[in-house]
Amino acid sequence: MTQNQREELPIDVLFVGGGAASLAGALHLNRQAKKNNIDIEIAIIEKANEIGSHSLSGAVVDPITLKELFPELRPESFPFEAPVNAEKMYFLHKSGAKFGFPYIPKGMSHHGCYIASLGKLTRWLGQKCEEEGIDIFCPFSGDEILYDENNSVAGIRTGDRGVDKNGAKKPNFEQGVDIKAKVTVFGEGTRGSLTKQLISKFNLMKDSNPQVWAVGVKELWKVPEGTIEPGYVAHTLGHPLGNKIFGGGFIYGMQNNILDIGLVTGLDYSNPTIDPHHELQLLKTHSWIKNFLKDGELLSYGAKSLPEGGFYSIPKLYVNGALLIGDSAGFLNGMRLKGIHLAMKSGMLAAEAIVDAFKNEDFSEKTLSNYFKYFKSSWAYKELYKARNFHQGFKNGALFGMANAGLALYTGGRGFGFIDKLEGHHGHLEMQKITDKTQNRYKDLKFDGKITFDKATDVYHSATKHDEDQVPHLKIIDPDLCFDKCKEEYGNPCQHFCPASVYEIVKEENKERLQINFSNCVHCKTCDIMDPYQTINWVTPEGAGGPNYYPENIAACEKELKNIGATQAIMVDCSHANSN
Ligand code: SF4
C-alpha cells in the first residue's frame with residue numbers, strides 16, 4: 001500500500017450503528033448463517049466509545065423480540081430493571097389537578113412489558129455478539145456511503161480522525177478506512193446521517209407519508225427510598241403541552257430508587273419559540289410531579305428524537321447492497337411509545353433476507369427485497385398497521401388525537417372517518433412565523449436548581465464530551481439565512497429547539513453572530529429535523545464524541561458534580577466552543 005492509498009477492510013455484512021436493531025440483527029444473522037452452513041463475516045461499527053453509551057436510558061420494553069432471539073432464556077435473565085407492575089395515565093392541569101384515566105386500553109397497555117435501561121440492554125446484546133464472534137468496532141463513525149460502478153451500495157468510509165477545527169491534519173491523524181461489504185445495514189438510529197443520504201439518493205420515501213418526529217427529553221433522578229417502586233409507569237397528557245402540541249410526559253420507576261422522568265414533544269409544533277427542554281422543566285412544576293422530586297437529586301439528562309410517523313412513514317427498506325433497520329427506517333409504534341422491540345425485529349427480518357442473499361449469491365434488490373416480504377408476514381407489520389393513523393390523528397389537537405386513537409383500537413387502526421390512511425405532513429413546515437402575538441410560554445419559568453434546571457446544568461449531567469479541536473459536526477448549509485431571514489421570520493428557533501444549548505446568538509460590537517457550541521451536542525438530531533429552512537446538516541463527529549449515558553457514569557457524574565459544581569463545569573466546556 002502506498003502512503004496515500006486508503007486502507008480497505010473487506011467484510012461480508014456491515015451493520016452501521018451499534019443500537020438494539022443492529023445488535024439483534026447481527027446475532028440473528030450469525031446464527032442463521034451457521035444453521036445454513038454459510039460462512040458470513042459480520043461487523044458492527046458504532047460511533048460511541050462503547051456500545052450503550054449513546055443509548056438513552058429508561059424505556060418500557062416489550063420483551064417479545066428478546067424472547068424470539070433468546071428462546072432458551074427466561075425474561076428474568078434479560079438485563080431489565082423491573083416488570084411493569086403499576087400502570088397509570090393522567091391528564092394534568094397546570095393548577096396542580098390531575099385526572100386519572102379509568103382504564104388503559106389493551107393497545108396502549110404496558111402489561112407484560114419491562115422497564116429497562118437501554119444502555120444496559122444494548123451493552124448486554126453487544127457482549128452476546130462478541131461471545132458469538134461478531135466484530136464490534138468502536139468508536140467508528142460512518143462518513144460516506146461507498147457505491148460500486150453499478151450504483152449499488154458497496155460499504156462505507158469511516159471518518160478521518162485527528163483533523164483540527166480548520167481541517168488541517170494533527171500529529172495523531174488517521175485516515176478513515178473503506179469498509180467494503182456485500183451488504184450494508186443502516187441502523188444509525190433516528191435521522192441517521194448516512195441513511196438520510198441514502199433515502200434522498202434513491203427517493204426511498206416516494207411512496208410514503210413524510211416522516212414526522214418527536215423529541216424525548218429526559219432526566220434520571222435519585223429519589224428517597226419509598227418514593228417510587230421499580231416497575232411503576234405513568235404517562236401524562238395535558239400540562240404543559242396542552243391541546244395544540246403533540247406529546248406527553250412519563251415517569252418510570254427503576255431499580256435503586258432511580259426515577260426516570262421525561263417529556264416527548266412532537267416536532268410539528270407551530271410556535272417557533274417552543275423549547276422541549278423548558279417544557280420538561282414546566283412539567284416538573286406540576287405539584288404531583290414535584291412531590292416525586294422534592295427530596296431527590298438530578299443524576300443524568302439526555303435527549304433523543306423518535307420517528308413518530310408510523311406505518312405509512314416507513315421508507316422503501318432495501319436498495320442494491322443495503323437495507324434500513326430500526327429507528328433509521330421508522331420502526332416505532334407511537335401509540336405504545338415503543339420502538340425497541342420493533343427495531344430489534346426489523347434487524348432480525350433483515351438478517352433473514354441477508355441469508356437468502358448469500359444462498360442465492362445475489363445482493364441486489366431482487367433478493368434483499370425479501371426483507372419487506374418477511375416484514376409483511378410478521379407480527380411487527382400487524383402491530384404497526386393497527387397504529388398506522390396514530391400521529392396523523394393529532395393534526396387537529398390532542399383531544400381529537402386521543403379520541404382518534406381510542407376509536408382506532410376498535411376499527412383496526414382506522415379511527416375517525418374510517419379512513420385507511422390519514423395523510424402525513426412534514427413537521428418543520430408546521431412552524432409559523434414569529435409575530436408580536438407569539439406566545440412566550442416560559443415567562444414564568446424559573447430554574448431553581450432543585451427541581452428545575454437550566455440547559456447548561458442539564459447538559460452537564462449528560463456527560464457529553466467532544467474533542468473541541470475538530471471540524472464541527474453541525475454544518476449550516478446556508479449561514480446567511482440565519483440573520484438575513486431566519487431571525488426575522490422565525491426568531492432563530494434553533495436556540496430554542498436544541499435541548500443542549502448548542503446554538504447561541506452572541507452579541508458582539510452591536511452585531512449578532514450564531515455561535516455553535518458543538519461540544520454540547522447530545523446527538524438528538526432535532527436541529528437537522530426541525531430547522532424551518534432545513535439548512536442544518538448533522539453529521540457524525542469524530543468517533544467517541546457525544547453523550548455518555550451509561551448507568552455507571554451516573555455515579556461518576558454525581559461525584560464529579562459535587563467536586564466541581566455543574567454550572568462552572570459547563571462554562572469551561574462552552575468557553576472553548578467553536579463558532580460559525
Ligand atoms: Fe440535538 Fe442538534 Fe442540539 Fe445536537 S445540536 S443536541 S443534534 S438539536
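The values are calculated or read from the model by the stated rules, or taken from the named source; none is laboratory data. These numbers come from a predicted model, not from an experiment. All Cβ positions, glycine included, derive from the backbone under ideal geometry; neighbour counts span all protein chains shown.
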Subset tally (residues that are in contact with a His (Cβ under 6 Å, 6 or more places away or on another chain) and part of a helix (DSSP H, G or I)) for the range 280-330: 0
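Quick check on the range 502-533: of everything there that is of a type in the set (S, T, N, Q) and at negative phi, which residue is nearest to the ligand (Cβ to nearest atom)? Don't jump to the end; show me each part of the working.
If we filter the range 502-533 for residues that are of a type in the set (S, T, N, Q), which is where we start, we get 510, 515, 517, 519-520, 526.
Still in the running and at negative phi: 515, 517, 519-520, 526.
Working: Gln515: 12, Asn517: 9, Ser519: 10, Asn520: 7, Thr526: 4 Å.
The extreme case among them is Thr526.
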Which listed residue, of Leu445, Leu429, is surrounded by fewer than 20 Cβ atoms within 10 Å (Cβ to Cβ), in a loop (DSSP other than H, G, I, E, B), modelled with pLDDT of 90 or more and among the hydrophobic types (A, V, I, L, M, F, W, C): Leu445
Check on Asp436, in a loop (DSSP other than H, G, I, E, B) and either touching a helix residue (DSSP H, G or I) at 6+ places or on another chain (Cβ under 6 Å) or at pLDDT 95 or above (or both): no
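Does Gly347 qualify as being under 25 Å from the mean Cα position of the chain (by Cα), crowded, with 23+ Cβ neighbours inside 10 Å, of a type outside the set (Asp, Glu) and not in a helix (DSSP H, G or I)? Break it down stepwise before answering.
Numbers: under 25 Å from the mean Cα position of the chain (by Cα): yes; crowded, with 23+ Cβ neighbours inside 10 Å: yes; of a type outside the set (Asp, Glu): yes; not in a helix (DSSP H, G or I): no.
So Gly347 fails the test.
Between Asp478, Asp467, which is part of a loop (DSSP other than H, G, I, E, B), under 24 Å from Asn166 (Cα atoms), more than 14 Å from the ligand (Cβ to nearest atom) and touching a Ser or Thr at 6+ places or on another chain (Cβ under 6 Å)?
Asp478 is the lone residue from the list that is part of a loop (DSSP other than H, G, I, E, B), under 24 Å from Asn166 (Cα atoms), more than 14 Å from the ligand (Cβ to nearest atom) and touching a Ser or Thr at 6+ places or on another chain (Cβ under 6 Å).
Are there strands (runs of 3 or more DSSP E) fully within the range 1-103 with at least 3 residues that are surrounded by 18 or more Cβ atoms within 10 Å (Cβ to Cβ) and within 26 Å of the chain's Cα centre (by Cα)? List them.
Numbers: elements: 8-16, 42-45, 59-61, 80-83, 86-92, 98-100.
Result: 8-16, 42-45, 59-61, 86-92.
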Of the criteria (1) more than 16 Å from the ligand (Cβ to nearest atom); (2) of a type in the set (Lys, Arg); (3) in contact with a His (Cβ under 9 Å, 6 or more places away or on another chain), which one Lys455 fails: (1)
Qualifying residues in the range 488-501 (those that are under 25 Å from the mean Cα position of the chain (by Cα) and farther than 19 Å from Asn537 by Cβ) - the one nearest to the ligand (Cβ to nearest atom): Ser501
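Quick grid of which residues meet (1) under 24 Å from Ser141 (Cβ atoms); (2) buried (at least 18 other Cβ atoms within 10 Å of the Cβ):
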position	(1), (2)
Ala168	yes, no
Gly176	yes, yes
Val183	yes, yes
Ile199	yes, yes
Asp207	no, no
Val212	no, yes
Pro224	no, no
Lys244	no, no
Any strands (runs of 3 or more DSSP E) falling wholly within the range 491-540 and containing at least 2 residues that are surrounded by 19 or more Cβ atoms within 10 Å (Cβ to Cβ): 511-516, 536-538
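Take the range 236-273 and flag every residue that is assigned to a strand (DSSP E or B) and over 19 Å from the mean Cα position of the chain (by Cα).
Let us first name the residues in the range 236-273 that are assigned to a strand (DSSP E or B), namely 236-238, 247-254, 258-266.
Passing the criteria: Thr236, Leu237, Gly238, Gly253, Met254, Ile258, Leu259.
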Any chance Lys106 is closer than 27 Å to Leu125 by Cα and not hydrophobic (A, V, I, L, M, F, W, C): no
Any pair with Cβ under 6 angstrom, 6 or more apart, that starts in the range 524-542 at a residue that is touching a residue at least 24 places away in the same chain (Cβ under 8 Å) and ends at one that is assigned to a helix (DSSP H, G or I) and within 8 Å of the ligand (Cβ to nearest atom): Thr526/Phe497; Cys527/Cys494; Met530/Phe497; Ile536/Cys527; Ile536/Asp528; Trp538/Asp528
Counted residues, the range 267-299 - those being in contact with a strand residue (DSSP E or B) (Cβ under 8 Å, 6 or more places away or on another chain) and within 15 Å of the ligand (Cβ to nearest atom): 6
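Is it the case that some residue within the range 196-214 is farther than 30 Å from Asn150 by Cβ and part of a strand (DSSP E or B)? Don't jump to the end; show me each part of the working.
From the range 196-214, those farther than 30 Å from Asn150 by Cβ are 209, 212-214; that's our starting set.
In the following step, the residues that additionally are part of a strand (DSSP E or B) were identified as 213-214.
Within the range 196-214, one or more residues are farther than 30 Å from Asn150 by Cβ and part of a strand (DSSP E or B).
If you check Tyr410, Tyr490, which single one turns out to be within 21 Å of His277 (Cβ to Cβ) and either at pLDDT below 95 or out of contact with any helix residue (DSSP H, G or I) (no Cβ under 9 Å at 6 or more places or on another chain) (or both)?
On the way: Tyr410 fails: within 21 Å of His277 (Cβ to Cβ).
Among Tyr410, Tyr490, only Tyr490 is within 21 Å of His277 (Cβ to Cβ) and either at pLDDT below 95 or out of contact with any helix residue (DSSP H, G or I) (no Cβ under 9 Å at 6 or more places or on another chain) (or both).
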Residue list for the range 386-431, restricted to those being charged (D, E, K, R) and over 28 Å from Pro493 (Cα atoms): Lys386, Arg388, Arg414, Asp420, Lys421
Number of positions in the range 342-374 that are among the hydrophobic types (A, V, I, L, M, F, W, C) and more than 19 Å from Phe311 (Cβ to Cβ): 8
